[in-house]
Amino acid sequence: MDAEFWSQRYDVGATKWDLGRSPAELQKFVSPLPQGLRILIPGCGRGYEIADLAALGHEVTAVDYAPGAIAAARQCIGGLADRIICGDFFRCDLPEHHFDLCYERTFLCSLPKDLRSGYGGRIASLLRQGAHLVGVFHYGEAENDDPPVPMTAADRKELLEPHFELVGDSPCASGLAVFSDHRERWQVWRRR
């Protein structure tokens, strides 16, 4: 699955993973935090969260490698789409140990299992020590390698636990039909 695969999904409106807004859990988590946090969003899609986080006074950097997603973001959030880097999250030039928070929604579950091994390490390298990885994580057993690909307990142990400590975990209220076979969890992870 390359950038063209994802761009085509946006071009024809086949984006069943798109919530159409930021999840309530993100707003609840971020609202009491001080302004000016440096927030990273990998695989940002239409970028609703960029607009909401910027409105709260945060510095947002997002990455998406599908030009179609970035074009859709321009329609949704206008000039704030300039905060999106068009590139491969695993290879683009981002400052190490720079970000205070990373937000996850559907990026991890969009990655085929063979591409997911670098997820936790890459995010940890971009977050300062003690910073947080927060978001909606999808759990379950994958029937195949087509997205969305949920995480298993073994995946979590391999991908996240070497780099992060789980400090918050609750059911996610903003579920979508495309994830009906998964358990959506709002999780807060602290970088070790």
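By other beta-carbon atoms within 10 Å, ranking 33, 101 with the fewest at the front produces 33, 101.
Footprinting exposure proxy ranking of 48, 103, fewest other C-beta atoms within 10 angstrom first, gives 48, 103. Taking R0 as 25 Å, what FRET efficiency do you get between residue 129 and residue 56 from their Cβ-Cβ distance, rounded to the nearest 0.05? Here the calculated transfer efficiency is 0.60.
If you average the sequence gap of Cα pairs under 8 Å that are 6 or more apart and divide by the length of the chain, what percent do you get for the contact order?
Relative CO of the chain lands at 20 percent.
With semi-axes defined as the square roots of five times the eigenvalues of the C-alpha gyration tensor, the equivalent ellipsoid of the range 102-192 measures 21, 15, 10 Å, largest first. Evaluating 6.51 cos²θ - 1.76 cosθ + 1.60 at θ = phi - 60° for every residue in the range 130-141, the Karplus couplings come out as x, 6, 10, 9, 10, x, 9, 10, 9, 10, x, 9 Hz, glycine and proline recorded as x.
Fully extending the segment from residue 98 to residue 11, taken as 0.36 nm per residue of separation minus the present Cα-Cα distance, adds 28.0 nm.
Converting phi to 3J(HN,Hα) with the Karplus coefficients 6.51, -1.76 and 1.60 and the offset θ = phi - 60°, the range 33-47 yields 6, x, 5, x, 5, 8, 10, 10, 10, x, x, 7, x, 6, x Hz in sequence order, with x at every glycine or proline. Each Lys and Arg contributes +1 and each Asp and Glu -1, all at the Cβ; summed about the Cα centre of the chain, the dipole is approximately 520 debye.
Here the simple spin-label model places points 7 Å from the Cα toward Cβ, and for residue 152 and residue 91 these points are separated by 3.0 nm. Where both partners of a DSSP beta bridge lie in the range 69-185, what percent of those bridges are antiparallel, to the nearest 5? Within the range 69-185, antiparallel bridges account for around 40 percent of the total. For residue 164, the amide hydrogen comes within under 5 Å of the amide hydrogens of 192, counting only partners 5 or more places away or on other chains and with H modelled in the peptide plane. When the Cα positions of 63, 87, 3 are compared along the charge dipole of the chain, 63 comes out farthest toward the positive end, with charges on each C-beta of Lys, Arg, Asp and Glu. Note on 141, 158: ascending count of other Cβ atoms within 10 Å places them as 141, 158, the fewest first. Note on the chain: helix-only mean residue ellipticity at 222 nm, from DSSP H runs of 4+ residues weighted -39500 (n - 2.57) and normalised by residue number, equals -7500 deg cm²/dmol. When the Cα positions of 120, 140, 106 are compared along the charge dipole of the range 102-192, 120 comes out farthest toward the positive end, with charges on each C-beta of Lys, Arg, Asp and Glu. Computed extension length for residue 161-residue 31: 44.2 nm, one decimal, from 0.36 nm per residue of separation with the Cα-Cα distance subtracted.
Rule-based calculations on the coordinates, nothing more; no lab input. Predicted, not measured: the structure shown is a model, and the values here were computed from it. Ideal geometry is used to build each Cβ from the backbone, glycine not excepted, and the neighbour counts take in all protein chains shown.
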